[in-house]
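Right, one structure below, let's go through it.
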Amino acid sequence: MSKQFSLVIGDIITLAIITLIGFATHGETDLALLPRMLTTFIPLALSWFLIAPWLGLFDKQITSAPKQVWRAPLAMLLAAPMAAILRAALLNAVALPLFTLILGSSAALGTLLWRGLYAVFRRKPR
């Protein structure tokens, strides 16, 4: 499996977990809510995959360097407003600033944990 493919799969799983945790904090984990969960997951994933390459988050040298892990939460903080606006458009609602802040900060933490673990296990030996 290529390193980029494992990054993409890991990112998707991380974003899915973040979405699930977000719904679970509101007591909404029923599978009947899956379409509603997708209205958060899809904009979040789309925004992430549009912003992350601009910060080098699929570059082998950056992703294997633990000192560069700061790029992942920054990318998520930049992606969160776009995700919130896309989600609002899907739901025909407004993008609430507090939701955007919570989505961005919790997703930034999740991506920091995932990409940090990835960088530690993929770093080049000295």
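The values are calculated or read from the model by the stated rules, or taken from the named source; none is laboratory data. Values in this document were obtained by computation on a predicted structure and should not be read as measured data. Because the Cβ atoms are built from the backbone with ideal geometry, glycine has one as well, and the counts that use them run over all protein chains shown. The protein model used for the area step is the full one, side chains on, heavy atoms only, and it has no ligands, DNA or RNA in it. Shrake-Rupley method; radii C 1.70, N 1.55, O 1.52, S 1.80 Å.
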So, Thr111, is that one surrounded by 18 or more Cβ atoms within 10 Å (Cβ to Cβ), in a helix (DSSP H, G or I), on the phi < 0 side of the Ramachandran plot and in contact (Cβ under 8 Å) with a residue 60 or more places away in the chain or not? yes
Quick one: how many residues across segment 18-44 are within 15 Å of Thr111 (Cβ to Cβ) and open to solvent by 90 Å² or more (accessible area, probe 1.4 Å)? 1
Criterion violated by Ala79 - all others in (1) open to solvent by 90 Å² or more (accessible area, probe 1.4 Å); (2) modelled with pLDDT of 95 or more satisfied: (1)
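So that you can scan it fast, the table gives a plain yes or no per residue for (1) at pLDDT below 95; (2) open to solvent by 10 Å² or more (accessible area, probe 1.4 Å); (3) among the basic types (Lys, Arg); (4) farther than 16 Å from Leu7 by Cβ:
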{"site": "Leu46", "(1), (2), (3), (4)": "no, yes, no, yes"}
{"site": "Phe49", "(1), (2), (3), (4)": "no, yes, no, no"}
{"site": "Ser64", "(1), (2), (3), (4)": "yes, yes, no, no"}
{"site": "Pro73", "(1), (2), (3), (4)": "no, yes, no, no"}
Restricting attention to segment 67-102, the residues that are part of a helix (DSSP H, G or I) and touching a helix residue (DSSP H, G or I) at 6+ places or on another chain (Cβ under 7 Å) number exactly 21
Any residue in segment 6-28 that is closer than 15 Å to Ile102 by Cα sitting within a Cβ distance under 6 Å of a residue that is part of a helix (DSSP H, G or I) and open to solvent by less than 50 Å² (accessible area, probe 1.4 Å)? List the pairs, counting only those 6 or more apart or interchain. Leu15/Leu44; Leu15/Ala45; Ile18/Ala107; Ile18/Gly110; Thr19/Met37; Thr19/Thr40; Thr19/Phe41; Phe23/Met37
Could you check segment 8-65 and list, in sequence order, the residues that are more than 28 Å from Phe121 (Cα to Cα), assigned to a helix (DSSP H, G or I) and of a type in the set (Ser, Thr, Tyr)? Thr39, Thr40
